[in-house]
Amino acid sequence: MSTSISFRRLRALCQKETRQILRDPSSNLIAFVLPVVMLFIFGYGINLDSNVVNIGLVLEDKSPEARRFADSLFGSPYFVVRTVETREEVKRELTDGRVRGFVVVPIDFSEKLKTATGTAPLLVVADGSEPNTASFVQNYVSGAWNGWLQHRAAERGEKPPVRVAIESRYWFNPAAESRNFLIPGSITIIMTVVGALLTSLVVAREWERGTMEALLASPVTRAELLLSKLLPYYVLGIVSLFLCVAVAVFVMRVPFRGSLLVLWGIGSLFQASSLGLGLLLSTVLRNQFTAAEAALNVAFLPAVMLSGFLFEIRSMPAGMQVVTHLIPARYFVTAMQTLFQAGNVTSVLLSSAAFLTAAGTIFVGLTALKTRRRLE
Amino acid sequence: MISRIIALVVKELEMLLQDRQSRFILIVPVFLQLAVFPFAATLEVKNNTLAVFNEDTGRESVELIQRFSQAQAFTHLLVLHSEKEMRSVIDNQQALLVLRFPQDFSRDYLAGRPQKMLAILDGRRSNSGQIALGYVQQIVNDYTTEQLGAQLKIAPSTLATRYWFNPNLEYYWHILPCLIAIITSINALIVTALSVAREREQGTLDQLLVSPLTPGMIMVGKLIPAVLVAVVQATIVLVGAIVFYRIPFQGSFLPLYGSMVFYSLALGGFGLLISSVCATQQQAFLGVFSFLMPAILLSGYATPVDNMPVWLQHMNWVNPMLHFIVIVKGVFLKDFSSAALLKSLYPLMVIAFATLGAANWLLRRRLA
């Protein structure tokens, strides 16, 4: 089987593939409907900016001092505080998940506060089974507690301690909204799905239905066969990418500061790597069920867990950080976050582009190799 | 009737485990995920790089920088010498955070004048930046309190914090119970949805229909293997969490496995529902995926359900993963009371009942 390309045959094959795509409602669903739905889910459902946490408050001591402290909690915009009578009751509420933490003001609180040497203890308990929320509870309670201390010191005419003020500035994202970095990252997940999942089925399907043998008997070459599987899905993926970016910018109001041309270039490279991966799985496994399972495990789950779109790569153990370098999605996440928020930062984009080119070449190359071996 | 269903179940299991490739794809990924994801999926900030641009020449800034570099969050320290370097370090993501000490930082500090230091964060990673900034503020506060300790009286009050159910606030204690739900869901859905679609695509569904099996029996025959696969995979993750990750299992196994059966039935219901409206395996797979992706992301494993808007929390009620994660975490970490368990179990029962009923009706209609 030669590798030469006849454009007539290629066009015919592409036409056949395109018709198959357009005829099937499920590929339209995955390429056009699901991305928009997903963007909305990412935009509203995936939120790291904790808004309001339910906490319980046990006032064993009901003195004015204790109430003053309680007011600092009630006044916090981060809490919905519910007063609970006993520790036993609040423990149940915490176990059942009705509150994410509670504060106990012990019975001897105001007594101890009066003595010069003793310190009056307060207890915060947070639900460790939700680690992110638990640390927020701790931070916010300690903020309210600090406010109460300073207020108290000021009232008694004591000089509050000098604090070093840290002025913070978030470059590219002044309001520090998590949506602004989560949405560009999540477009990567969507592109992985459109690219790798759709193509993981296409070659396996030909084998399962026996149409591959018909193709083999025809004068179609290996290059034509591969290209006919790549090109239509590439067009589908790129349209879907620009649809996602348009929804992100115009509907979700995420700023986009890079150039569309660069987006198209990097997007194409990433498409090549995901299409390549999908085709490779499909070619090697030849069975739609296993190819689908494999695509989920090799493309989708790593893209969610290891691409850095949500979980910080630099916080992972060193060995795991090495593994993330093998995931094409990682480079596209970096590129997308940079393009959206920082603009065209050449050094970041070039290194991402280089890795994506390498990944695409390897996957498509391996597929070509496997295709030849099976066809001969 | 029972023997007919058993025959069908045996046939389904043989299909699932027929060759090495299929067995491999059902079991090996579970072990890989168990080994990789608990380490990777963390929202903690560790091993990051801190960059410092120090225009101050005094002792105070140096002392503070030394303390920052000892923090667990920052294992690398970059010393910068110009604003231009500051920009490039942030642009290229070489550091999570740049701290800039102004020229008269130490002098102001000694004079008791309030001083300001500037923190510049990468907005592309604003969440980690916020957490890291919290650590920096803590270190600075501790330092000032120490310095002023001699002058000050003892603090009038202390704040003691306890984290229940996870005393050291380890992120993987949260991830592993979630993984039990996630890994199980993938296969329970695929096995049910694709097996009916495959029979239809290959024309063997017609053969099943002319056999004495009723559509209801065919459904049961498709459901049982899915439940079995789900339970086996969940057990692998559970044993890994207890033995390998050493997370203490507080509750008992009976409520966990009981809920798991209803969870896999609810998933199987969705799987059958999807396959009943699909003509091919591709459609079934993409349908499964369209359900699975939102279900996983909204299940509470990625970000807390409490942070979602209320309307989405209501819609999320039909997501079996949401309820099962509450159950697994509750039984695993908190030793849930039966009242709390029931509160999350009954939605699973309702979902299972509704989806299976709908699937049965649709299958009958389409097959008749």
> Any chance the range A:148-157 includes a residue that's touching a residue at least 60 places away in the same chain (Cβ under 8 Å), under 30 Å from A:Gly308 (Cβ atoms) and more than 9 Å from chain B (Cβ to nearest Cβ)?
Replying inline: no
> Residues in the range B:100-122 that are basic (Lys, Arg) and more than 20 Å from B:Phe68 (Cβ to Cβ): how many?
Replying inline: 2
>> Please count how many residues of the range A:1-11 are loosely packed, with under 14 Cβ neighbours inside 10 Å and in a helix (DSSP H, G or I).
In response: 3
> Restricting the search to the range B:274-291, which residues are buried (at least 24 other Cβ atoms within 10 Å of the Cβ), touching a residue at least 24 places away in the same chain (Cβ under 8 Å) and hydrophobic (A, V, I, L, M, F, W, C)?
Replying inline: B:Ile274, B:Ala284, B:Phe285, B:Val288
>> Condition (residue is more than 30 Å from A:Phe300 (Cβ to Cβ), more than 8 Å from chain A (Cβ to nearest Cβ) and not in a loop (DSSP other than H, G, I, E, B)) applied to the range B:32-49: is it met by at least one residue?
In response: no
>> Testing B:Ile139 on (1) in a strand (DSSP E or B); (2) more than 7 Å from chain A (Cβ to nearest Cβ), one condition comes back false. Which one is that?
In response: (1)
>> Which condition from (1) farther than 29 Å from B:Met217 by Cα; (2) in contact (Cβ under 8 Å) with a residue 24 or more places away in the chain; (3) part of a helix (DSSP H, G or I) is the one that B:Phe336 breaks?
In response: (3)
> Of the residues A:Arg169, A:Arg179, A:Arg152, A:Arg205, which is assigned to a helix (DSSP H, G or I), basic (Lys, Arg) and out of contact with any helix residue (DSSP H, G or I) (no Cβ under 7 Å at 6 or more places or on another chain)?
Replying inline: A:Arg152
>> Just to verify a result, which residue in the range A:30-44, among those that are within 12 Å of A:Ala248 (Cα to Cα) and more than 10 Å from every other protein chain (Cβ to nearest Cβ), is surrounded by the fewest Cβ atoms within 10 Å (Cβ to Cβ)?
In response: A:Val36
>> When you check B:Leu96 against the structure, is it touching a Lys or Arg at 6+ places or on another chain (Cβ under 8 Å), at the interface with chain A (Cβ under 10 Å from one of its Cβ atoms) and surrounded by 15 or more Cβ atoms within 10 Å (Cβ to Cβ), yes or no?
In response: yes
> Looking at the range B:142-162, which of its residues are out of contact with any strand residue (DSSP E or B) (no Cβ under 9 Å at 6 or more places or on another chain) and modelled with pLDDT under 75?
Replying inline: B:Thr144, B:Thr145, B:Glu146, B:Gln147, B:Leu148, B:Gly149, B:Ala150, B:Gln151, B:Leu152, B:Lys153, B:Ile154, B:Ala155
> What about A:Arg82, is it charged (D, E, K, R) and at pLDDT below 90?
Replying inline: no
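Residue by residue, here is whether (1) in contact (Cβ under 8 Å) with a residue 24 or more places away in the chain; (2) under 30 Å from A:Cys244 (Cβ atoms); (3) in contact with a Leu (Cβ under 6 Å, 6 or more places away or on another chain); (4) crowded, with 17+ Cβ neighbours inside 10 Å holds:
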{"residue": "A:Ile166", "(1), (2), (3), (4)": "no, no, no, no"}
{"residue": "A:Tyr170", "(1), (2), (3), (4)": "no, yes, yes, yes"}
{"residue": "A:Ile183", "(1), (2), (3), (4)": "yes, yes, no, yes"}
{"residue": "A:Gly195", "(1), (2), (3), (4)": "yes, yes, yes, yes"}
{"residue": "A:Ala217", "(1), (2), (3), (4)": "no, no, no, no"}
{"residue": "A:Arg222", "(1), (2), (3), (4)": "yes, no, no, yes"}
> Checking B:Arg20 against (1) under 30 Å from B:Arg198 (Cα atoms); (2) touching a residue at least 40 places away in the same chain (Cβ under 8 Å), which single condition isn't satisfied?
Replying inline: (2)
>> Looking at the range B:174-190 only, could you name the residues that are modelled with pLDDT of 90 or more and either at the interface with chain A (Cβ under 7 Å from one of its Cβ atoms) or on the phi > 0 side of the Ramachandran plot (or both)?
In response: B:His174
>> Go through (1) farther than 25 Å from B:Asp142 by Cβ; (2) in the same structural domain as B:Asp122 (by TED's automatic domain parsing) for B:Leu17 and report which single condition fails.
In response: (2)
> If you check A:Val322, A:Val284, A:Val333, A:Val345, which single one turns out to be over 28 Å from B:Val288 (Cβ atoms), more than 9 Å from chain B (Cβ to nearest Cβ) and either surrounded by fewer than 24 Cβ atoms within 10 Å (Cβ to Cβ) or not basic (Lys, Arg) (or both)?
Replying inline: A:Val322
> With respect to the numbered conditions (1) among the hydrophobic types (A, V, I, L, M, F, W, C); (2) more than 26 Å from B:Leu32 (Cα to Cα); (3) at pLDDT below 90, which one is the sole condition not fulfilled by A:Ala353?
Replying inline: (3)
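Can you say whether B:Trp317 is assigned to a helix (DSSP H, G or I), more than 10 Å from chain A (Cβ to nearest Cβ) and surrounded by fewer than 20 Cβ atoms within 10 Å (Cβ to Cβ), as far as the supplied structure shows?
yes
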> Is it the case that B:Gln313 is among the polar types (S, T, N, Q) and more than 30 Å from A:Val52 (Cα to Cα)?
Replying inline: no
> Does any residue of the range B:22-33 turn out to be in contact with a Leu (Cβ under 7 Å, 6 or more places away or on another chain) and over 21 Å from B:Val227 (Cα atoms)?
Replying inline: no
> Restricted to the range B:100-130, and to residues that are more than 7 Å from every other protein chain (Cβ to nearest Cβ), touching a Ser or Thr at 6+ places or on another chain (Cβ under 9 Å) and in a helix (DSSP H, G or I), which residue is surrounded by the fewest Cβ atoms within 10 Å (Cβ to Cβ)?
Replying inline: B:Ser106
> Within the range B:200-236, can you find the residues that are over 30 Å from B:Phe31 (Cβ atoms), within 14 Å of another protein chain (Cβ to nearest Cβ) and part of a helix (DSSP H, G or I)?
Replying inline: B:Arg200, B:Glu201, B:Gln202, B:Thr204
> Restricting the range A:75-100 to residues that are away from every other protein chain (no Cβ under 11 Å), hydrophobic (A, V, I, L, M, F, W, C) and in a strand (DSSP E or B), which is surrounded by the fewest Cβ atoms within 10 Å (Cβ to Cβ)?
Replying inline: A:Val81
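Condition check ((1) of a type in the set (Val, Ile, Thr); (2) outside the structural domain of B:Pro294 (by TED's automatic domain parsing); (3) modelled with pLDDT under 90; (4) farther than 26 Å from B:Tyr172 by Cβ) across all residues:
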| residue | (1), (2), (3), (4) |
| --- | --- |
| B:Asn307 | no, no, yes, no |
| B:Gly330 | no, no, no, no |
| B:Pro347 | no, no, no, yes |
| B:Ala354 | no, no, no, yes |
| B:Ala358 | no, no, no, yes |
| B:Trp361 | no, no, no, yes |
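The rows are residues; the columns are (1) within 22 Å of the chain's Cα centre (by Cα); (2) not assigned by TED's automatic domain parsing to the domain that holds B:Ala302.
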position: B:Arg162; (1), (2): no, yes
position: B:Phe165; (1), (2): yes, yes
position: B:Ile175; (1), (2): yes, no
position: B:Ala181; (1), (2): yes, no
position: B:Thr184; (1), (2): yes, no
position: B:Leu208; (1), (2): no, no
position: B:Pro212; (1), (2): no, no
position: B:Met219; (1), (2): no, no
position: B:Leu228; (1), (2): no, no
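The values are calculated or read from the model by the stated rules, or taken from the named source; none is laboratory data. Here the structure is a predicted model, which means the values were calculated and not measured. Ideal geometry is used to build each Cβ from the backbone, glycine not excepted, and the neighbour counts take in all protein chains shown.
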